[in-house]
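Where a number appears in this text, it was derived from the coordinates with a stated rule and is not lab data. What you are looking at is a predicted structure, and each value in this text was computed from that prediction instead of being measured. Cβ atoms come from the backbone with ideal geometry, glycine included; neighbour counts cover every protein chain shown.
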Amino acid sequence: MHFYAHPTAVIDEGCSVGDGTKIWHFTHVMSGAVIGKDCVLGQNVFVDNKVMLGNNVHIQNNVSVYEGVICEDDVFLGPSVVLTNVINPRSALSRKDQFKTTLIKRGATVGANATIVCGNQIGEYAFIGAGAVITKDVLPYALITGNPGRQTGWISENGHRLTFDENQQAVCSESGQEYFLENDRVKRIR
């Protein structure tokens, strides 16, 4: 075993956990879950069957990641993020055959207490603000806030708001990386 699991964590047989991953207090990883390398799962996290987490995914305390959720590399889920997997759950009806896939693409951040309604895709490096409710797909590099979530700007790969000039170019204040806005899509200039 080349990962750390706190003694109170429950790691079911049949899951896959990558090297360097840390699993903290009272976290439960179900059989069939796939967790990449160098991930951090905070206190009281639940990772369901068939969930796929890429490398360097950080999940803060009190998050349940249900079947149907896929997080690519470098995703951050803030404290108490809510992820769903059925559009119209009912206690009296089993809808396990109706799970919807939620894909959170590389480098995206989901802020504390945000809710991601299932069946949506969060684009690369998008930033979902604290408490936002996502009801539709999110573009790469989009900054989303509010309920329902609305795009209120663009964000760099380092998590800083981008301000585009008259040439539709912007520079990240931290990294100096350059970005270009065209047809309502942001691209990093390599």
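Extending 7 Å from Cα along the Cβ direction at Arg190 and again at Thr135 yields two label points whose distance is 3.8 nm. With Cβ to Cβ distances under 12 Å as the rule, what net charge do the other residues near Asp74 carry (K, R +1; D, E -1)? Surrounding charge for Asp74 is -2. Selection among Gly107, Asn147, Gly119 by position relative to the dipole of the stretch 86-147 gives Gly119 as farthest towards the positive end (Cβ unit charges, Cα centre).
Using the Cβ of Gly123 as centre and a radius below 9 Å, the other residues enclosed give a net charge of -1, where K and R count +1 and D and E count -1. Annotation for Thr152 and Cys15: the two label points, set 7 Å from Cα along the Cα-Cβ direction, are 3.4 nm apart. Under a Gaussian network description of the chain, with springs only between Cα atoms under 10 Å, the residue in Ser156, Ser91, Ser16 that fluctuates furthest is Ser91.
Placing a label point 7 Å from the Cα of Asn88 along the Cα-to-Cβ direction, the residues of the stretch 118-152 with a backbone N closer than 17 Å are 118-119. Rg and Dmax of the stretch 85-143, both derived from C-alpha coordinates alone, stand at 12.6, 40 Å. With only Cα atoms counted, the stretch 121-177 has Rg and Dmax values of 11.6, 33 Å. Of the Cα atoms belonging to the chain, the radius of gyration and Dmax stand at 17.3, 56 Å. Each Lys or Arg adds one and each Asp or Glu takes one away; over the other residues whose Cβ falls under 14 Å from the Cβ of Lys50, this sums to -2. Placing +1 on the Cβ of every Lys and Arg and -1 on the Cβ of every Asp and Glu, with no other charges, gives the chain a dipole of roughly 500 debye about its Cα centre. What would the Debye formula give as log10 I(q)/I(0) at q = 0.15, 0.20 Å⁻¹ for the alpha-carbon point model of the stretch 51-107, no solvent? Debye output, listed in q order: -0.46, -0.74.
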